[in-house]
Amino acid sequence: AKVQGPGQIRFCTPQASQSMLEQIRLQHELFLAVKQQQFSLAYQPQLITCGAYQGQVMSMEVLLRWQHPELGFISPARFIPLAEETRLIIELGHWVLKTSCHQVRQWQLEHQLDNLRVAVNISSVQFVREDFVQQVADILEETGLPASCLELEITESVAMEQAEQVSLKLNELKRMGIWLALDDFGTGFSSLKYLKIFPFDILKIDKSFVDGIPHDQQDTRLVEAMIHLAQGQNMQVVAEGVETEEQIKHLSQGGCDLIQGYYFSRPLPPQQTLEFLLEHQLA
Ligand code: C2E
Ligand code: CA
Ligand code: CA
Ligand code: CA
């Protein structure tokens, strides 16, 4: 239950207020977690679907992990919204960006993985900050990661009302050489408009559509249509949440460029990521 204003608390059912207490506790724990460094990063590879480089890792999505000493593993689907409400996501997101850029730069240097790319999720709370572009530029300079090896994943939650501002920022990032991905495509309300007005390079098809391949005819057709749409706009297509061989077959035949999902790999801690990378090295 979300509290819209103070007056609404009294309408809460016992269950709702219980979960509200939980939310408040979790928010508190989140603040402590930042101080006590309970976060880590996991990397999930995105593999090339066809052509000469089939089966090699092109890019990796970095995903935040929170291991609480008592509560155990807490899913980002639960804590990211809280971090956004409290604006803690600004600090946390900055840490994710900096740490992952540094990590990937180290891998590049130590293992000649020069073209390896990292995809970082950016919350709209982070993105709309006035200094966001400068922050990204600073991190690239500090870590030495080439801009062409960084991809930013942005969802439709970035406010459409500020389309002009958003557009300016995206174009600035693009001019720097950074890749821009539209995340969770198809799950929002204005997906097509986003494609039309913003300069995205990559389209990420949401797992909720991929799940339906091949059994759900509507999902299967929608995914095909999304791939066509992206190709028409000269965008790369990444499918997320791919778990079966059948899905891979459909997606690669349909023209999807990159595959991310448990079929190839779960998100992995850094050491295991490196091992995976060395086994699926991009020449
Ligand atoms: P997302 O951006 O859609 O990320 C993909 C999610 O799908 C990840 O969940 C990933 O572990 C999961 N996934 C990938 N392949 C499969 C598969 O084959 N099967 C299944 N069942 N799941 C798969 P995760 O790591 O729990 O993250 C959930 C969401 O939390 C992400 O969704 C993203 O919106 C958010 N998130 C995670 N890390 C960050 C971060 O550093 N910053 C921000 N702003 N958001 C983050
Ligand atoms: Ca993502
Ligand atoms: Ca996604
Ligand atoms: Ca998703």
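The values are calculated or read from the model by the stated rules, or taken from the named source; none is laboratory data. Predicted model only: the values in this text are computed from it and were never measured. Cβ sites come from the backbone with ideal geometry, for glycine too, and all protein chains shown count toward neighbours. The accessibility values were calculated without ligands, DNA or RNA, using every heavy atom of the protein model including side chains. Shrake-Rupley method; radii C 1.70, N 1.55, O 1.52, S 1.80 Å.
What to note about this one:
- Label point distance in nm, residue 138-residue 102, each placed 7 Å from Cα along Cα→Cβ: 1.4 nm
- Convex hull volume of the Cα atoms of region 37-98, normalised per residue: 108 Å³.
- Computed over the chain: relative contact order in percent, which uses C-alpha pairs under 8 Å that are six or more apart: 19 percent
- Over the C-alpha atoms of region 113-261, the Rg to Rh ratio, Rh being the Kirkwood estimate, stands at 0.99.
- 0 to 90° range, to nearest 10: angle between helix 217-232 axis and the chain longest Cα axis: 70 degrees
- Contact order relative to length of region 164-283, as percent, for alpha carbon pairs under 8 angstrom and 6 or more apart: 19 percent
- CD proxy at 222 nm, helix term only [per DSSP H run n ≥ 4: -39500 (n - 2.57); per residue of the chain; nearest 500]: -14500 deg cm²/dmol
- Percent of alpha-carbon pairs separated by more than 33 Å within the chain: 24 percent
- Take the Cα radius of gyration of region 56-157 and divide it by 2.2 N^0.38 Å, N being the number of residues; the result is 1.13.
- Within the chain, longest stretch clear of exposed trypsin sites (Lys or Arg not before Pro) (DSSP loop, no more than 14 other Cβ within 10 Å): 88-283
- Neighbourhood net charge (13 Å Cβ-Cβ; Lys/Arg +1, Asp/Glu -1) for residue 215: -4
- Unit charges on C-beta of K, R, D, E only; dipole of region 239-283, Debye: 40 debye
- Solvent-accessible area per residue for the chain (1.4 angstrom probe, square angstrom): 51 Å²
- Principal-axis tilt of helix 163-176 within the chain, Cα atoms, nearest 10 degrees: 50 degrees
- Computed from label points 7 Å out along Cα-Cβ, the spacing between residue 111 and residue 175 is 3.6 nm.
- With only Cα atoms counted, region 94-154 has Rg and Dmax values of 11.4, 36 Å.
- Whole-Å distance, taken between Cα centres, linking region 144-206 and region 35-66: 19 Å
- DSSP-loop GluC sites (Glu not before Pro) across region 83-162, with at most 12 other Cβ within 10 angstrom: 130
- The alpha carbons of region 180-245 give a radius of gyration and a Dmax of 11.4, 35 Å, in that order.
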